[in-house]
Amino acid sequence: MNTIKYLTPQELTKFLSKISSVRDKTMFGLMYYYGLRCSEASGLKVSDIRLDDGRIYIRAAKNGISGEYVLSKEAKKLLTTYFKERNSLSTKSEALFVSRKSKTESGHLDTSHIFRLYKQYAKKAKLAEDKQHPHCLRHSIAVHMADSGVPVEHVQIHLRHRRIDSTMVYFQITSKKRNEFQEKALDGEFVVKIG
């Protein structure tokens, strides 16, 4: 069985604290908040962000469901700061996250570049080697939501999953309701007391 690797809230905070680049902090922040895959982050366009009414459009990868999502206060703050920096660049690229050294016409950060950046910051944060992959951010938001008691169908929508069984994997790791049920069940009257 393939074990899902995710960051604890403390590891996530440590990881983000190692990022000094406004662009990279915004990108990895959005990847966490919205469970973005590298290709989804790489494919974001400036026009996908509507700060005025607090919306982000995400083109789902892997046959997921594309759609609009509400920008959290934290995401808005990150994007507002990033747009100030991005607007100072003389780029004509429509890509949200622009590579300063890109040789592609679109100018976007490609997925391999995102992977290298994540690994660089993960090493600085001294994350375990098996957590030095950007997909850990997607797993992290899913586990954190499940652990906070967010219903599975809401996590499914948030992660853009077509099938709920893809989402249930995270609820097998942890969930507030599961933990509460286990505590009640194991302390209940129907359980044989040993000692």
**Message:** Looking only at residues that are among the hydroxyl-bearing types (Ser, Thr, Tyr) and within 12 Å of the chain's Cα centre (by Cα) in the range 1-27, which one is farthest from residue 89 (Cα to Cα)?
**Reply:** 6
**Message:** I'd like the residue in the range 61-84 that is under 22 Å from residue 165 (Cα atoms) and without any contact (Cβ under 8 Å) to a residue 60 or more places away in the chain and, out of all such residues, is farthest from the chain's Cα centre (by Cα).
**Reply:** 62
**Item:** Filter result for the condition that a residue is crowded, with 20+ Cβ neighbours inside 10 Å and among the acidic types (Asp, Glu), over 24, 52, 48
**Value:** 24
**Asked** All but one of (1) modelled with pLDDT of 95 or more; (2) part of a helix (DSSP H, G or I); (3) more than 17 Å from the chain's Cα centre (by Cα) hold for residue 87; which doesn't?
**Response** (1)
**Request:** Report, by residue number, each residue of the range 1-24 that is within 21 Å of residue 158 (Cα to Cα) and charged (D, E, K, R).
**Result:** 5
**Request:** Starting from the range 7-27, take each residue that is part of a loop (DSSP other than H, G, I, E, B) and list its partners that are at pLDDT 95 or above and among the polar types (S, T, N, Q), counting only C-beta distances under 7 angstrom and pairs at least six apart or across chains.
**Result:** 7/140
**Request:** Give just the number: which of (1) of a type in the set (A, V, I, L, M); (2) surrounded by 18 or more Cβ atoms within 10 Å (Cβ to Cβ); (3) at pLDDT below 95 does residue 122 not satisfy?
**Result:** (3)
**Prompt:** How many residues does the range 28-60 contain that are in a strand (DSSP E or B) and within 15 Å of the chain's Cα centre (by Cα)?
**Reply:** 3
**Prompt:** What residue, of 141, 164, 173, is touching a helix residue (DSSP H, G or I) at 6+ places or on another chain (Cβ under 7 Å) and either at pLDDT 95 or above or surrounded by 19 or more Cβ atoms within 10 Å (Cβ to Cβ) (or both)?
**Reply:** 141
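The values are calculated or read from the model by the stated rules, or taken from the named source; none is laboratory data. All of these numbers come straight from a predicted model, not from anything done at the bench. Ideal geometry is used to build each Cβ from the backbone, glycine not excepted, and the neighbour counts take in all protein chains shown.
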